[in-house]
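Engineer: Below is a structure I'd like to ask you about.
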Amino acid sequence: QVQLVESGGGLVQPGGSLRLSCAASGSSFSIYDMAWYRQAPGKQRDLVARIISAGTTNYADSVKGRFTISRDNAKNTVYLQMNSLKPEDTAVYYCNANIRVFGLRNFWGQGTQVTVSS
């Protein structure tokens with residue numbers, strides 16, 4: 001079965017940077033679009049950035065110019081480079097992917113905490 005394993009979260013000061021990674025593990029699968037979502041306490045889970053297999057990207061207005069999503073197909077990994085972080089970016093960040101494995105299925109990572117604070 002396919003699993004999404006995240007890393008890179010942590011505590012950072014305002015204006016700092018973090019890079020999140022999410023690697024898909026398993027066998028006999030093909031990855032289509034991959035995305036990052038985030039959910040702050042008391043808020044709904046919202047899309048942060050998405051990248052499709054062709055390389056086209058989409059970003060939430062709140063992160064445009066600060067965050068960059070990318071993928072390494074050879075490593076089955078998606079990244080989220082986060083620069084100029086603000087306290088408002090504090091949330092649990094979740095990796096998401098549409099993957100063909102015995103049919104097309106949607107997978108979520110376990111979530112990783114990002115805290116931006118002085």
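The values are calculated or read from the model by the stated rules, or taken from the named source; none is laboratory data. Bear in mind that the values here come from a model prediction, so they are computed numbers and not experimental data. Cβ: placed from backbone, ideal geometry, glycine included. Neighbour counts: every protein chain shown.
Engineer: Filter segment 1-16 down to the residues that are aliphatic (A, V, I, L, M) and in a loop (DSSP other than H, G, I, E, B) and list them by number.
Structural biologist: Val2
Engineer: Moving on to the next point. Check every one of the strands (runs of 3 or more DSSP E) wholly within segment 26-118 and list those with 3 or more residues that are surrounded by 18 or more Cβ atoms within 10 Å (Cβ to Cβ).
Structural biologist: 30-39, 46-51, 67-72, 77-82, 91-100, 112-116
Engineer: Just checking, does segment 90-107 include any residue being modelled with pLDDT under 95, more than 14 Å from the chain's Cα centre (by Cα) and over 25 Å from Gln3 (Cβ atoms)?
Structural biologist: Looking for residues that are modelled with pLDDT under 95, more than 14 Å from the chain's Cα centre (by Cα) and over 25 Å from Gln3 (Cβ atoms), one finds none in segment 90-107, hence no.
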